[in-house]
1. Please arrange Leu160, Leu75 by accessible surface area, largest first, computed with a 1.4 Å probe and ligands excluded.
2. In the chain, what percent of the accessible surface is made up of carbon and sulfur (1.4 Å probe, ligands and nucleic acids excluded)?
3. If R0 is 35 Å, what FRET efficiency do you get for Arg102 and Lys9 from their C-beta distance, rounded to 0.05?
4. Write down the Å³ per residue value for the convex hull defined by the alpha carbon atoms of the chain.
5. Per residue, how much accessible surface does the stretch 88-224 expose to a 1.4 Å probe? Answer in Å², no decimals.
6. Can you tell me which of Glu55, Glu179, Glu12 moves the most in a GNM of the chain? Springs connect C-alpha atoms under 10 Å apart.
7. With each label point set 7 Å from Cα along the Cα-Cβ vector, what nm distance links Lys93 and Arg120?
Amino acid sequence: MCSHYTALKKQEQMEKYFRARGIPLPPRSDMWPRYHGVFVRRPPEHDSGDEAVPEFEAIIGRWGLISAMTKVDALDRAGKLSTFNARSETAAKSYTFGNAWRRAQRCIIPAEAIFEPDWRTGRAVPTRIARTDGHPLGIAGLWDRYRNAAGEVTDSYTMLTINADSHPLFKEFHQPGKEKRMVVILPEGAYGDWLTAPADATRDFLIQFPSERLTAKADPKPEK
């Protein structure tokens, strides 16, 4: 699970690695649940025939998905739920994530690093996890959009997670005795396919990222 990450700060990296142009810089780089950050998606208008519609677009949205199916009088309650991560095993049948899954509303969350608690010393030590080659992480996610009482549209997103009990690195994180989880980190060559594949192909991408391509270092920053 991931509840803290560092968003990509440089616009040229967004263009280089994620082929998303003309975007604003992230509102903030130190990201926590319910903050607004940048995610990359295939535009909803991609089949319109309009040549002006880009292949991929970067959007600012709420980290913590709220389903389009959520009624206005339930938005306040939905906004308090922990929907910043989605279990890939159950997302398709979930009320919160099911609409996005069925509609193949997949996204990529660009990140410099994610943070996880290392409990091997008996206490939670915040640990920064990044790629060894210095490239940004492309985290697989789902997006959806909802309307408030005034009819205003807000985009939101979540990170997909998978079991990590057997992962050489991520099995060391989180409290002893609890299931180990990790976000889905996509290989760069799969970015385009992830954003364009049909809904029934979603699970094909939900695999563990190689531990030897990741580095973990204790980080002195205090928890939120």
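The values are calculated or read from the model by the stated rules, or taken from the named source; none is laboratory data. Please read these numbers as outputs of a predicted model, since none were measured by experiment. All Cβ positions, even for glycine, are placed from backbone atoms using ideal geometry, and neighbour counts span all protein chains on display. Accessible surface areas use protein heavy atoms only, side chains included; no ligands, DNA or RNA. Shrake-Rupley method; radii C 1.70, N 1.55, O 1.52, S 1.80 Å.
1. Numbers: Leu160 0, Leu75 25 Å².
Accessible-area ranking of Leu160, Leu75, largest first: Leu75, Leu160.
2. Values: 5510 of 11090 Å².
Solvent-exposed carbon and sulfur of the chain make up 50 percent of the total.
3. Values: r = 34 Å, r/R0 = 0.96.
Once rounded, the FRET efficiency stands at 0.55.
4. Values: hull volume 30.0 nm³, N = 224.
In the chain, the Cα convex hull volume per residue is 134 Å³.
5. Numbers: 6400 Å² over 137 residues.
Spelled out: the 1.4 Å probe surface of the stretch 88-224, per residue, equals 47 Å².
6. Glu179
7. About 3.6 nm separates the two model spin labels.
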